[in-house]
Amino acid sequence: MTVPSACFADSLGSGFAPVNSAESGAMTRQLSYHAIVKVKKNGTYTDRVAQCIELLNLHGESKIEPFTEQYSATLSSLKVKKAWIETRDGKQIPIPLANIFVRPVPVSHGAPMYSHAKILSILPPKMSVGDTLHIITEKTVFKPYFTDMYSSYWNIPESKSTRNNSVEVVAPAEMHLQYAQRGAWKTSHSIYGAEEIIRAEMQVHHAEYPGLSTVGERQYSPIFEVTSFPNWAAVGTAYWKRANQMAAVTPLVSKVADEVAADKSGWAAQKALFSWDSANIRYVGLELGVGGFVPIAANKTLETGYGDCKAHSTLLQALFNAKNFQLYPAIINWDNVYNLPPLPTPFWFNHAIDYAPRKHLFLDSTGEYETPGQLAVGERDKPTVVTGPHPRIVMTPGAEPSKNQFVYAASLVLQKNGTLTGTAQMRTMGWWAWAYREIFASIPPSHYATVMSALLAPSGGGFGSFQPGDPAVLDKPFHVLAKWTTPDFTKVGSYLTFPAPTGPFLVPSLAEIPNPIAYLAQVAGPLRRKHPVETYLGGVSWTTTIQIPAGYRAVYLPVDEHLRNAAGSYFYSATFHDHELRLHYRLELNKVVYNPKKYQALRDLLVADLADQESPLVFRRA
């Protein structure tokens, strides 16, 4: 395949033009991307890429300045063969070597990391709209993660504007590579002597921007994949061969298991082992050579007191082995992607947990605050590769609203001057408990008042504080007591009018949302969806009683509602008796991810909830 030496941007028109919603409005455009991958039988390969990126908008400059690419310095090398800028008038400006540098992967906040990964950065000169960045790189993988195996995929994010893409994979025919695609990729296959050539092309991909709460782009974006793994069981076997030997029951492992389990047996002993691993082994990212798929030995993890997700998974397996409990590692995505790619590959996953086959139970001891047997946000309703002697795909549990539950009970008093005072008891289970334990373990008590003010802001503001339970207790529901005051909540006159105060609580997600109404609106806003949506509500039972000043009667309260459909159920009631207003709703969602066909049922439930929460409550002085 010929690597193009130049690409040209269309000239930009002048003046105003009608808005065309079919156009993406992307800030940059990949004008060309051409990769040639040459694979050897042992799994090593070279990957030469020539690409050209056009700057469409000055705000897009930050997306390509600097241009970066990550690689493992112990497994591969990455070199820039040529890099230059071509201006709109055709002038070529070479990028000097001084502007090309390599640096370590930055450490993320709160998660220290030891890594051999490096980032290649190319800092081009100042670019103008219409200029193009040209880069030719060559990556050489001299030590594969899995010997004699090759697997890779090319994913074009839905939000990326790109043109003229091609990938060519040349490999020994005896490797029997599989290939597949999703989206607009066009594929072909040919054999020349002892080599096979797999080629994929995509001419045009327009950027599209998904709505809020949509699953991750990787779940539905165009993808081209090539792999030598024959099936998902082979992926599980490949990981198991590397991980199982690291879970050996050494004298130290046996000693710790005996001390932690003590006289407990069965599930009580398993919970104790899980809780000890979670509490006593500090999370530290480890990406050392093939360590991306080879865990640190359990004995070593006990000696050092730290490890990554693979180390946690392997240690828990070893502790279970010491007490004759079955437990196998499982690999999963901890993000908002809920499906598998077209073909089996280990590189789709970024997290390791454990699976207890006799209980059909998943355990993730990496996080410090997960309830034993209840997975956190980002791990639910997902396919995992369970390893062990019988590797296979196993889905993690879905919403389970009875186990992932938030119970809120508030008692409020509306005073004659319009001030609202309140006390609320919150009981959390499952992923709600995980989220709340993490929150209150990370916030110092001196900061509670600030958090309270932020959570009260959407419903009138105010001040107060919290009294949380012990976040280190993992096998019981997590409780929080909240007390607050909202001055000038409403005007008190001939009429009283106000919406139901939602209260100071967060909705769990991969980024907690401090406004329950905003969360409902975010998920249920669009009339229809092109892609699946995710929602981490599970089961919510919300009850608030408000003492109204004497002398008022209810003029308008929302009507009682009881809605049940394919997405779950919603129940609402509002009663007023003897100066006490009682509001109650119960929402149960039976899934985490809803595809576009099921979205309408989900939206019906959430819109009903949203309407009741935002509805005015009207009282008139008798």
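The values are calculated or read from the model by the stated rules, or taken from the named source; none is laboratory data. Predicted, not measured: the structure shown is a model, and the values here were computed from it. FYI the Cβ positions are ideal-geometry reconstructions off the backbone, even for glycines, and counts take in every protein chain you see.
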TODO: Residues that are of a type in the set (D, E, K, R) and under 20 Å from residue 232 (Cβ atoms): find the strands (runs of 3 or more DSSP E) completely inside the stretch 312-385 holding 2 or more of those.
DONE: none
Open item on the list: Kindly evaluate residue 562 against the criterion of being touching a residue at least 24 places away in the same chain (Cβ under 8 Å), farther than 30 Å from residue 183 by Cβ and not in a helix (DSSP H, G or I).
Closed with: no
Task: Selected residue (only one of 378, 373, 367, 307 is closer than 15 Å to residue 246 by Cα and either modelled with pLDDT under 95 or surrounded by fewer than 21 Cβ atoms within 10 Å (Cβ to Cβ) (or both)) - done: 307
Open item on the list: For a quick check of your reading: which strands (runs of 3 or more DSSP E) sit entirely within the stretch 52-120 and have at least 3 residues that are modelled with pLDDT under 80, loosely packed, with under 13 Cβ neighbours inside 10 Å and under 30 Å from the mean Cα position of the chain (by Cα)?
Closed with: none
Task: Within the stretch 47-101, tally of residues that are among the β-branched types (Val, Ile, Thr) and without any contact (Cβ under 8 Å) to a residue 24 or more places away in the chain - done: 1
Open item on the list: For residue 609, only one of the following conditions fails: (1) part of a helix (DSSP H, G or I); (2) in contact with a Lys or Arg (Cβ under 7 Å, 6 or more places away or on another chain). What is its number?
Closed with: (2)
Open item on the list: Checking the structure you have, find out if any residue of the stretch 568-584 is in a loop (DSSP other than H, G, I, E, B), closer than 20 Å to residue 503 by Cβ and either of a type in the set (Val, Ile, Thr) or not assigned by TED's automatic domain parsing to the domain that holds residue 491 (or both).
Closed with: no
Open item on the list: Based on this model, can you work out whether residue 402 counts as surrounded by fewer than 19 Cβ atoms within 10 Å (Cβ to Cβ), touching a residue at least 12 places away in the same chain (Cβ under 8 Å) and of a type in the set (Ser, Thr, Tyr)?
Closed with: yes
TODO: Mind listing just one residue for me: the one in the stretch 163-176 that is of a type in the set (S, T, N, Q) and closer than 27 Å to residue 228 by Cβ and, of those, surrounded by the most Cβ atoms within 10 Å (Cβ to Cβ)?
DONE: 165
- [ ] Mind listing whichever residues of the stretch 449-473 are in contact with a strand residue (DSSP E or B) (Cβ under 8 Å, 6 or more places away or on another chain) and under 27 Å from residue 366 (Cβ atoms)?
- [x] 451, 466, 468, 469, 471
- [ ] Just need a number here: residues in the stretch 147-178 that are within 27 Å of residue 63 (Cα to Cα) and assigned to a loop (DSSP other than H, G, I, E, B).
- [x] 5
Open item on the list: Please determine whether any residue of the stretch 179-197 is assigned to a loop (DSSP other than H, G, I, E, B), at pLDDT 95 or above and crowded, with 17+ Cβ neighbours inside 10 Å.
Closed with: yes
TODO: Just one of (1) crowded, with 22+ Cβ neighbours inside 10 Å; (2) within 21 Å of residue 516 (Cα to Cα) trips up residue 448, so point out which.
DONE: (1)
Open item on the list: Considering only residues that are farther than 12 Å from residue 363 by Cβ, surrounded by 12 or more Cβ atoms within 10 Å (Cβ to Cβ) and either not aromatic (Phe, Trp, Tyr) or not assigned by TED's automatic domain parsing to the domain that holds residue 313 (or both), which ones fall in the stretch 262-281?
Closed with: 264, 268, 269, 272, 279, 280, 281
